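Notes to accompany the following structure.
The values are calculated or read from the model by the stated rules, or taken from the named source; none is laboratory data. Remember, it's a predicted structure, so these values are computed and weren't measured experimentally. All Cβ positions, even for glycine, are placed from backbone atoms using ideal geometry, and neighbour counts span all protein chains on display. These area figures cover heavy atoms from the full protein model, side chains too; ligands, DNA and RNA do not enter into them. Shrake-Rupley method; radii C 1.70, N 1.55, O 1.52, S 1.80 Å.
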Amino acid sequence: MPPPSQPPSENSPPLVVDLDGTLLKTDLLWECLARRLRRNPFSIFPILFWWLRGRALLKQKLAERVSLDPAALPYHEPFLAWLRAQKSAGRKIILATASDQQMARAVARFVGIFDEVLASDGRMNLRGVNKLKVLTARFGERGFDYAGNSAADYAVWRGARRAIVVNAPRAVAQRATALAGAGEMFLENYSPLQIPRRFLSELFWHSGWLAALAAGLLLAAAFPNFAGWKLAGAAWIAPALLMFAARNKAKGERFWIGYGAGLVFWLVSLYWLLLMPAPVFNVLGWLALSAYLALFP
């Protein structure tokens, strides 16, 4: 639990709150990436192109193509309860985030306590020094308290009056309080694996891909003399896994589940193409033929 603090007064400076990893126990960029890739794995190519043109543009493009339900996101509940108490006491609260403005505003509307939203706009990534410049221009040097969670927030804490540290390791909290005055700390239950765990779970488990890949391997193993094993019974399990993976999925997602299972099956089944004495071409032929035949499942 955070240490007790004095209630805000009318003269209290604005409280600026980071979104990714602070208000939320996740990062909207990685949430959008996982959802976009599970819908269409080949979208990795435009994603890489947008990324090369800048993170702000990448976030804007993903926000235009991915719909996130703010109610389904994981919030840092003790910190959010503290924010609500600050708001009830009359304090001005600003959401300042490197996430795209479209998604940031959706979260702000759902939470319902923010007076203003500052976010990336497709041109400027509102992070680190960029965020400090915007906040200093609006509120002045040391004219605001800032709640953040990572080393990327050090630049902002250098210009803040107090550092509120949320969902971060002790080392970040110590560094933050050295840069600005010590504020409230919300460090319980922090784990550096929160964001990657959610990303991988969304991409492989909730998408059904993991079950689909397992179905492809089991189907290949059901054929005679696969690696010296006899797993004919796996031919009954593979279709059941595919049905499980595809249940309650959109049509496009069901296609990729079937394609993924077929691709794994043919990559394993056509391994003998790699034994042909034609370097490079044997690999290209193996990949191309497997990719074509995978359309049929």
Can you tell me which residue within the range 247-263, out of those that are small (Gly, Ala, Ser) and either under 15 Å from Phe42 (Cβ atoms) or modelled with pLDDT of 90 or more (or both), is surrounded by the fewest Cβ atoms within 10 Å (Cβ to Cβ)? Gly252
Given the conditions (1) open to solvent by less than 50 Å² (accessible area, probe 1.4 Å); (2) within 14 Å of Ala215 (Cβ to Cβ); (3) under 28 Å from the mean Cα position of the chain (by Cα), and given that Leu242 satisfies all but one, which numbered condition is not satisfied? (1)
Pair list, Cβ < 7 Å and 6+ apart or interchain, from the range 255-270 residues that are closer than 11 Å to Leu242 by Cβ and in a helix (DSSP H, G or I) to residues that are open to solvent by 10 Å² or more (accessible area, probe 1.4 Å) and small (Gly, Ala, Ser): Ile257/Ala246
Taking interchain pairs and intrachain pairs at least six residues apart, which have beta carbon atoms under 9 angstrom, with the first residue in the range 28-53 and surrounded by fewer than 18 Cβ atoms within 10 Å (Cβ to Cβ) and the second of a type outside the set (Ser, Thr, Tyr) and in a loop (DSSP other than H, G, I, E, B)? Arg39/Val66; Arg39/Ala250
Which pairs do you get when a residue that is touching a residue at least 40 places away in the same chain (Cβ under 8 Å), found in the range 101-112, comes within reach of a residue that is open to solvent by 100 Å² or more (accessible area, probe 1.4 Å), reach meaning Cβ atoms under 8 angstrom, with the pair 6+ apart or on two chains? Gln102/Glu64
Close pairs from the range 225-245: first assigned to a loop (DSSP other than H, G, I, E, B), partner modelled with pLDDT of 90 or more, Cβ under 9 Å, at least 6 apart: Leu231/Leu218
Would you confirm whether or not the range 272-291 contains a residue that is in a helix (DSSP H, G or I), open to solvent by less than 60 Å² (accessible area, probe 1.4 Å) and under 20 Å from Asn40 (Cα atoms)? yes
By my count, helices (runs of 4 or more DSSP H) wholly in the range 55-161 with at least 1 residues that are under 21 Å from Cys32 (Cα atoms) and open to solvent by less than 60 Å² (accessible area, probe 1.4 Å) are 55-65, 101-111
Can you report the number of residues in the range 194-208 which are in contact with a Lys or Arg (Cβ under 7 Å, 6 or more places away or on another chain) and part of a helix (DSSP H, G or I)? 3
Out of everything in the range 162-171 that is in contact (Cβ under 8 Å) with a residue 12 or more places away in the chain and outside any loop (DSSP other than H, G, I, E, B), what residue ends up being farthest from Leu132 (Cα to Cα)? Arg170
Whichever residue in the range 172-223 is touching a residue at least 24 places away in the same chain (Cβ under 8 Å) and among the charged types (D, E, K, R) and, among such residues, is most open to solvent (accessible area, probe 1.4 Å): Arg175
